[in-house]
1. Please find the FRET efficiency linking SER99 to ASN37, where r is the Cβ-Cβ separation and R0 is fixed at 41 Å, and quote it to the nearest 0.05.
2. If I fit a long axis through the Cα atoms of helix 36-52 and take the longest principal axis of the Cα atoms of the chain, what angle between them do I get, 0 to 90°, rounded to 10?
3. Calculate the FRET efficiency for LEU9 and GLN53 from the Cβ-Cβ distance with a Förster distance of 30 Å, rounded to the nearest 0.05.
4. For the pair GLU85 and LEU61, what calculated FRET efficiency results from E = 1/(1 + (r/R0)^6), where r is the Cβ-Cβ distance and R0 = 22 Å, to the nearest 0.05?
5. As an exercise, identify the trypsin sites (Lys or Arg not before Pro) in region 1-100 lying in DSSP coil whose Cβ has no more than 14 other Cβ atoms within 10 Å.
6. Could you tell me what % of all Cα pairs in the chain have separations over 23 Å?
Amino acid sequence: MSQLSTTILYENGKVILKGPFSQAGVRNRNGRIYPHNVLREAIHELIKRVEIQPQTVYAELEHPNYAEIKPERACGLLTEVTWDEPTGIAYCKVEIIDSTPFGREVLRNLQKGD
C-alpha cells in the first residue's frame, strides 16, 4: 500500500484522516497477511458497525495485537469505512480525538510533517 496516500482534512474544527488502512494479500505491520475473502468479511462487519453505531468505533495509533480496540488507547473515531473489491483495499475516514493522549500524539506527528 506504499503507493497509496492519506489525505488530511479539516472539517468543523476537527482533523480527519482519509485513506487506506488495510489491504488483502499484503503483509501488515503485525506481520499478518489476510486473504481477500477473510479481510472482505471483516471489513463488511466493520462497515455495519460504523453505520449502525456512529461515533462509537475507535481507532488506535498502532495496529494492536488484539481484535477489540481499547477506548483508553483511542486516537480517533471511524466515521466512514469502504471496501474496494477489485483491489482488496479498505479505506476509512478517522476523526482524530484531541482529548486523548494518543489523539494528541497523532496531531503532534501531523504538525511535524507540515
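We did not get these values from a lab; they are worked out from the coordinates using the rules stated. Since we're looking at a predicted model, the values are computed, not measured. Virtual Cβ from ideal backbone geometry, glycine too; neighbours counted across all protein chains shown.
1. It comes out at approximately 0.60.
2. In the chain, helix 36-52 runs at an angle near 40 degrees to the longest axis.
3. The value I calculate is 0.85.
4. Values: r = 28 Å, r/R0 = 1.29.
Computed FRET efficiency for LEU61 and GLU85 comes out at 0.20.
5. Qualifying residues, ordered by number: ARG29, ARG32.
6. On the way: 1739 of 6441 pairs.
Considering the chain, 27 percent of its Cα-Cα pairs are separated by more than 23 Å.
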